[in-house]
Amino acid sequence: MSKPKVAVLISGSGTNLQALLDAAGSNDYPAHVTLVISNRPDAYGLVRAQQAGVETVVIDHKSFKSRADFDAALDRCLRARDIDIICLAGFMRLLTPDFVRAWDGRMLNIHPSLLPAFKGLYVQQRAIDAGARFSGCTVHLVTPEMDEGPIVVQAVVPVLDGDTADTLAARIQVQEHRAYPLALRLVAEGRVRIDGPRTHIADALASGDGMMNPMG
Ligand code: GRF
C-alpha cells in the first residue's frame, strides 16, 4: 500500500514542520510530506521545506476577498496534489466550517496547551498567570470550533517557578516535536478511531502513571 500524502500548512518558523519532515525522512515512517503551503510569503518554514526537497506553495490570504475564497484556493491546491492528510503547524488562519468538514477526520492541528484548557492565543502566559502546575501540548483532529476536536496525543511539561512565556513555550516545543510525528503516524497507520469527543488508538501503549509537580 502506498503511503498517505501529507500537506503541512504553516505561517511561520516551522519547527513543527521540521519535526514532521525529519520523521517522514525515515523509510519506516508511514506518511510522505509532499507539500508545504504557507499563507505568508516570508515564512521561514518555506526554506525548511525547500531544503528537504518538498514542494512549496504560497497562498497569500491578502489576495482573496473572503475567507471562503481563500479556503477554496487551498482546497483546490490540496486536491490537485492528491493530498490525504493535512497537518496544521502554526497556521495562523481560521478555516471555514465548509473546509473543515470537507477534511473531517483527515486534518490535524497542534496547540501549545493541554486542551481543553487555554484555547486561543497567549496560552503560555495564561497558564502561568492561572498558576497551573502543568502545561503541555495537544495534537487533535480539527473540527469547526477553534482548538476543539478529538484529541490524539498530549504531552505534559511542568510550569516552573520563574517561568516566562518564552521559557515555558520552549519547554513545550520540545514535546511538540515528539508529539506531532507520533500523532501523524497513528493517523497515517489508520489506528485512530473517532468516538464522539474521544479517540481510541489501536495497539498504543498508554502510561498508567501520574506525574507530580512539585515533588514533596
Ligand atoms: C506551535 O507552538 C504550535 O503549537 C502552535 O504554533 C506554534 C508553531 O510553531 N500552533 P512552529 O512554527 O512550528 O515553530
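The values are calculated or read from the model by the stated rules, or taken from the named source; none is laboratory data. Values in this document were obtained by computation on a predicted structure and should not be read as measured data. Note that we place each Cβ from the backbone using ideal geometry, even for glycine, and neighbour counts take in every protein chain shown. When the accessible area is computed, the model is the full protein with side chains, heavy atoms only, and any ligands, DNA or RNA have been set aside. Shrake-Rupley method; radii C 1.70, N 1.55, O 1.52, S 1.80 Å.
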- Go ahead and run the numbers for FRET between ALA165 and MET212, Cβ-Cβ distance against an R0 of 41 Å, rounding to 0.05. 0.95
- Message: Can you tell me which aspartates and glutamates have their Cα less than 13 Å from the Cα of LYS3? Leave out same-chain residues fewer than eight positions away.
- Response: ASP28, ASP82, ASP84, GLU189
- May I ask for the net charge around ARG178, where only other residues with Cβ less than 13 Å from the Cβ of ARG178 are counted and Lys, Arg are +1 while Asp, Glu are -1? 0
- Task: For LYS65, list the lysines whose Cα falls under 17 Å from its own Cα; do not include residues on the same chain fewer than 8 positions away.
- Result: none
- Rg/Rh ratio calculated on Cα atoms of the chain (Kirkwood radius): 0.96
- Query: Which net charge results for the neighbourhood of LYS62, defined as the other residues with beta-carbon distances under 13 angstrom from its beta-carbon, given Lys and Arg at +1 and Asp and Glu at -1?
  - Reply: +1
- Message: Counting only protein heavy atoms and a 1.4 Å probe, tell me what percentage of the chain's accessible area is made up of carbon and sulfur.
- Response: 53
- Item | Accessible solvent surface per residue of the chain, calculated while the other protein chains remain in place, 1.4 angstrom probe, Å² | 52
- Query: Taking the Cβ of LEU74 as the center, what net charge do the other residues with Cβ under 13 Å away carry, scoring Lys and Arg +1 and Asp and Glu -1?
  - Reply: 0
- Query: Fully extended, how many nm does the chain gain between VAL47 and LEU121 (0.36 nm per residue separation, minus their Cα-Cα distance)?
  - Reply: 24.1 nm
- Hydrodynamic radius of the stretch 124-215 per Kirkwood, over alpha carbon pairs, in Å: 14.6
- Evaluate the distance, in nm, between pseudo-label points positioned 7 Å from the Cα of ARG76 and of ASP22 along their respective Cα→Cβ axes. 3.7
- Message: Rounded to the nearest 5, what % of DSSP beta bridges with both residues in the chain are antiparallel?
- Response: 45
- Rounded accessible area of ARG126 (nearest 10 Å², 1.4 Å probe): 90
- Item | Normalised contact order of the chain, rounded percent, pairs of Cα under 8 Å and 6 or more residues apart | 18
- Förster radius 30 Å - calculated FRET efficiency between ILE194 and HIS61, Cβ distance, rounded to 0.05: 0.55
- Query: Given the protein chains as shown and a 1.4 Å probe, how many square angstrom of HIS61 are accessible, to the nearest 10?
  - Reply: 50
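Give, to the nearest whole percent, the P(r) tail of the stretch 109-151 beyond 16 angstrom, counting all Cα pairs.
29
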